[in-house]
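Structure first, then comments.
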Amino acid sequence: MLRIVALALVLGIAAASPAAAQQYPDRPLTVLTGYPAGGMVDIVARALAEPMKKKFPKGIAIVTRPGAGGSLAVSELVQAKPDGYTVILAPLSTLVIHPQLNDLPYKTPDDYEAIISVVSFYSLITVKADAPWKTIQEFVAAGKASPGKLRVGSPGEGTSSHLSLEELKRLAGVNFTHVPFSGWGETSPALLGGHIEGLVAQPGEVKPLVEGKKLRVLLTFQPKRHEAFPDAPSAKELGWDATNAVTFMFVVPKGTPGPVLKYLHDSVRAAMEDPQFVSVIKQRVIEIAYRAGEQLKADLWKEYKFHTQILTRLGMIKKK
């Protein structure tokens, strides 16, 4: 009798699992973001959410959890129930840099499930349009003349933007004072208000202010010049190999069922091809960058190890 009951329970569970997968999604989807509203992560998340609603009839809620360079939001994500109803759009730095610098609930790419990468771009250095420095060479020279006097902001400690700045300081032999913020929503007002002299920012956030004659781009942290800022040299062409790409990707808790992962992947992939989303990304002068599956996992580990070398060289972590 006990064997019959046990067999019935096993069969019941087996039968329930496909049914549960078929019912997904029967609740609203929560998309976490770790940076303030109005920043690039928030913009990309909302641009994707609109076409994704076709696959999530119960709705999609964008929930902002800013702080600690996005790691507060990822920490919440990795501890959430792995049922596919909580996801995060996170930048590469939050996933592979912060866990090497801080004691977090996630340590390596094995502690979460990366579903799909969405966009990629490089940071740049910008100053106010009426600033006395017309070129990056003049800005660096001023930094050398008065070590520590010039303040340069970034979206946060341990972000890709911050590391690009630190690499520039090392390679150019200049001492800028790094001022970390919690995202573009704080950095641009600080720069425009004169609280910092320079800013490491993202191209899509800077472009409207450059076109409005409020900011000037001095340098792009990429292999070649950015087509939207043709007058600004790349770090590579000036002999400073400080290129460090920024990638946004969707991540879910470890243990999320395979069928749910596929549904989420397919939903995001379809949204990335939506003309409205493509238009938003084009306006923001960043690139759509699709990767998924084992390739994305392998790339995450590659970036993790690459940043271990950078962080160690900068003295931000000490390897035993």
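The values are calculated or read from the model by the stated rules, or taken from the named source; none is laboratory data. Because the structure is predicted, anything quoted here is derived from the model rather than measured. A quick note on method: Cβ atoms are made from the backbone with ideal geometry, for glycine too, and the neighbour counts reach across all protein chains shown. These accessible areas exclude ligands, DNA and RNA; they are computed on the full protein's heavy atoms, side chains included. Shrake-Rupley method; radii C 1.70, N 1.55, O 1.52, S 1.80 Å.
For the stretch 164-320, what does the accessible surface come to per residue with a 1.4 Å probe? Please give it in Å². Show your work: numbers first, answer last.
Working: 7520 Å² over 157 residues.
For the stretch 164-320, the solvent-accessible area averages 48 Å² per residue.
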Open item on the list: Could you tell me the center-to-center distance, by alpha carbons, between the stretch 147-174 and the stretch 198-276 in angstrom?
Closed with: 18
TODO: Would you work out the charge dipole size for the stretch 227-320 about its Cα centre, treating the Cβ of every Lys and Arg as +1 and the Cβ of every Asp and Glu as -1, and quote it to the nearest 20 debye?
DONE: 740
- [ ] Can you send over the solvent-accessible area of THR177, 1.4 Å probe, protein chains only, in Å² to the nearest 10?
- [x] 50
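Roughly how many Å² is the accessible area per residue of the stretch 20-105, as a whole number, for a 1.4 Å probe?
Details: 3290 Å² over 86 residues.
The answer is 38 Å² per residue.
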Task: For semi-axes √(5λ) of the Cα gyration tensor in Å, calculated from these coordinates, the label among (1) 38, 22, 18; (2) 43, 22, 21; (3) 41, 21, 15 - done: (3)
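Can you sort ARG216, ARG27 by 1.4 Å-probe accessible area, starting with the largest? Walk me through the intermediate numbers first.
Details: ARG216 50, ARG27 110 Å².
Ranked list, largest accessible area first: ARG27, ARG216.
Using +1 on the beta carbon of Lys and Arg, -1 on that of Asp and Glu, and nothing else charged, what's the dipole of the chain about the Cα centre, debye to 20? Walk me through the numbers on the way to the answer.
Values: 37 positive and 29 negative charges, 55 e Å.
Using Cβ point charges on Lys, Arg, Asp and Glu, the chain gives about 260 debye.
Averaged across orientations, what area in nm² does the convex hull of the alpha carbons in the stretch 24-165 project?
Details: hull surface 41.6 nm².
Over all viewing directions, the stretch 24-165 projects a mean Cα-hull area of 10.4 nm².
Between VAL278 and TRP301, what is the FRET efficiency for a Förster distance of 30 Å, r being their Cβ-Cβ separation, to the nearest 0.05? Display every interim value, and only then the final one.
Numbers: r = 30 Å, r/R0 = 0.99.
Computed FRET efficiency for VAL278 and TRP301: 0.50.
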Open item on the list: Give me, ordered by chain and number, the residues 5 or more places off GLU287 or on other chains with an amide H under 5 Å from its own placed amide H.
Closed with: SER120
TODO: Convert each backbone phi in the stretch 92-106 into a coupling constant with the Karplus relation 6.51 cos²θ - 1.76 cosθ + 1.60 (shift: θ = phi - 60°), then list the ³J(HN,Hα) values in order as whole Hz, x for Gly and Pro.
DONE: 3, 4, 5, 8, 10, 9, 4, x, 8, 9, 10, 7, 10, x, 10
- [ ] Run the accessible area of the chain with a 1.4 Å probe and give the carbon-and-sulfur part as a rounded percent.
- [x] 56
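With the alpha-carbon atoms as the only input, what is the per residue convex hull volume for the stretch 87-157 in Å³? Spell out each step's value before the answer.
Working: hull volume 9.9 nm³, N = 71.
Once divided by residue count, the hull of the stretch 87-157 is 140 Å³.
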Task: Computed accessible area, THR135, all protein chains, 1.4 angstrom probe, square angstrom - done: 50
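Of the cross-linked pairs LYS54/LYS81; LYS144/LYS169; LYS149/LYS224; LYS53/LYS297; LYS55/LYS254; LYS254/LYS305, which ones have a Cα-Cα span greater than 19 Å in the structure shown?
On the way: LYS54/LYS81 24 Å; LYS144/LYS169 10 Å; LYS149/LYS224 29 Å; LYS53/LYS297 27 Å; LYS55/LYS254 22 Å; LYS254/LYS305 21 Å.
Result: LYS54/LYS81; LYS149/LYS224; LYS53/LYS297; LYS55/LYS254; LYS254/LYS305 exceed 19 Å.
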- [ ] Could you go through the stretch 255-260 in sequence order and give the Karplus-derived ³J(HN,Hα) for each residue, using 6.51 cos²θ - 1.76 cosθ + 1.60 with θ = phi - 60°, rounded to whole Hz, and x for Gly and Pro?
- [x] x, 5, x, x, x, 6
